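The values are calculated or read from the model by the stated rules, or taken from the named source; none is laboratory data. What you see is a predicted model, and the numbers here were worked out from it, not measured in a lab. With ideal geometry, Cβ positions are generated from the backbone for all residues, glycine too; neighbour counts draw on all protein chains shown.
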Amino acid sequence: MRELFALVLMIFFLPSLSCGGQEKVSYLVFEDGLSYDFGKAREEGAELVHSYRFTNTGKDTVTITNINVYCKCTRAAASARTFLPGEQGEIRVAFSPYGYPGKISKSVRVTTKPKSDFLLTFTADIIPRQKPVEEEYPVLLQSGLRLDRTDFKFGRITAGQSKSMSVRCLNTTAVPLILHIEGSGVRTGSPSCAFRVWHPGIIPPGEKAEIIMTYLPEHSLENAGFYKDCFSVKVQGYPDITVISAEIAVTENFEGKAGEPVPAVSISNSYLNLDEIPAGSPDRTVSYTIRNIGKAPLVIRDVGCPEGLDCTLTKGLSLDPGQTNRFSVIVRFGNFPSGKFFQTVRIMTNDPARPVKDLMISAKILE
């Protein structure tokens, strides 16, 4: 029996062993494999190009039906669409490193007929270019202080934990600059989601510094939700004030609930493209269905809706397992300029696997 099993293994692996270092996808055998490492390259350098060469080793014609890239930095094209048995070909992939410093990993998906679906991957270590001051610190105050940003996108944290981000500063003058920060502290009322701002006080001439913002939400269900805050930066002796805004999603702490029945959220139309919308169009109502596909009650902790949109889903709504609820998002297109439209409604629940669910709506508003 052991001898028979060993024979089966040999028959199964023999085709792959006969290819040596080549990789086989359907009838296509790639000379140097499906992956490639460009090694080190400079961000300001030329495009990185590699050809994935292959041979059709089958008895049928192979047709490349689709080539998909997942980044505007990457281009890919095949030397032909169809390849007869024994015919050679290549898929040429080009990557533009500008704007992608650091270690990168990209892929290109290729679909063929007879049906096959595979990924060509490549990696590189992109050496960052030296940015000019105006690009690295684009925000300029009258005082000569430069900042690298005026907003924070904190993403998501768990109640009871903390998270910090920083604004990088540069004193471009020949004199010290004295900073004043206003708006740091605990928001009034309930829930209590504190944030703190640290700054160096004085930035010497030509020196760099950081203004650090930290969120400190208390360990409480009441603190679960979406928050928008801001604080102002002022340099002593100058009238201009720069406002720094921040957004964060604080989810409840699910520790200690392992093994318990949990809810699970499902929402229809999580991504919706409304195509072309004439400018000045009346309000558009989009309908959704939310369903609890879990085994415990699903609770809506918060709904984050951008300006110009309204959502009828209410905070605090509870759905039993298997229960559904219909709600709507009203898009007031009269509040938006012509051009590309992309807005996101965020829904927070007590689903531990996916506490934040994004509903994305896109369109093109015509002039």
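Listing for the model above:
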item	result
Qualifying residue in the stretch 329-349 (condition: out of contact with any Gly (no Cβ under 8 Å at 6 or more places or on another chain), farther than 19 Å from residue 267 by Cα and of a type in the set (Gly, Ala, Ser))	yes
Residue ID - farthest from residue 317 (Cα to Cα), chosen from residues in the stretch 212-229 that are under 25 Å from the mean Cα position of the chain (by Cα) and surrounded by fewer than 16 Cβ atoms within 10 Å (Cβ to Cβ)	212
Out of 149, 81, 129, sole residue that is touching a residue at least 12 places away in the same chain (Cβ under 8 Å), under 30 Å from residue 227 (Cα atoms) and charged (D, E, K, R)	149
Qualifying positions in the stretch 44-63 - over 30 Å from the mean Cα position of the chain (by Cα), assigned to a strand (DSSP E or B) and not aromatic (Phe, Trp, Tyr)	53, 55, 56, 62, 63
Residues satisfying the stated conditions in the stretch 152-171, i.e. among the β-branched types (Val, Ile, Thr) and out of contact with any Asp or Glu (no Cβ under 9 Å at 6 or more places or on another chain)	157
Number of the exception - residue 209 against (1) crowded, with 18+ Cβ neighbours inside 10 Å; (2) within 18 Å of residue 304 (Cα to Cα)	(2)
Residue match in the stretch 329-343 (condition: at negative phi, in contact with a Phe, Trp or Tyr (Cβ under 8 Å, 6 or more places away or on another chain) and among the polar types (S, T, N, Q))	no
Strands (runs of 3 or more DSSP E) fully within the stretch 197-296 counting 3 or more residues that are of a type in the set (S, T, N, Q)	241-251, 284-292
Qualifying residues in the stretch 310-367 (those that are acidic (Asp, Glu) and over 26 Å from residue 257 (Cα atoms)) - the one surrounded by the most Cβ atoms within 10 Å (Cβ to Cβ)	310
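A quick yes/no check of all residues on (1) at pLDDT 95 or above; (2) touching a helix residue (DSSP H, G or I) at 6+ places or on another chain (Cβ under 6 Å); (3) more than 19 Å from residue 252 (Cα to Cα); (4) of a type in the set (Val, Ile, Thr):
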| residue | (1), (2), (3), (4) |
| --- | --- |
| 265 | yes, no, no, yes |
| 289 | yes, no, yes, yes |
| 317 | yes, no, no, no |
| 322 | yes, no, yes, no |
| 329 | yes, no, yes, yes |
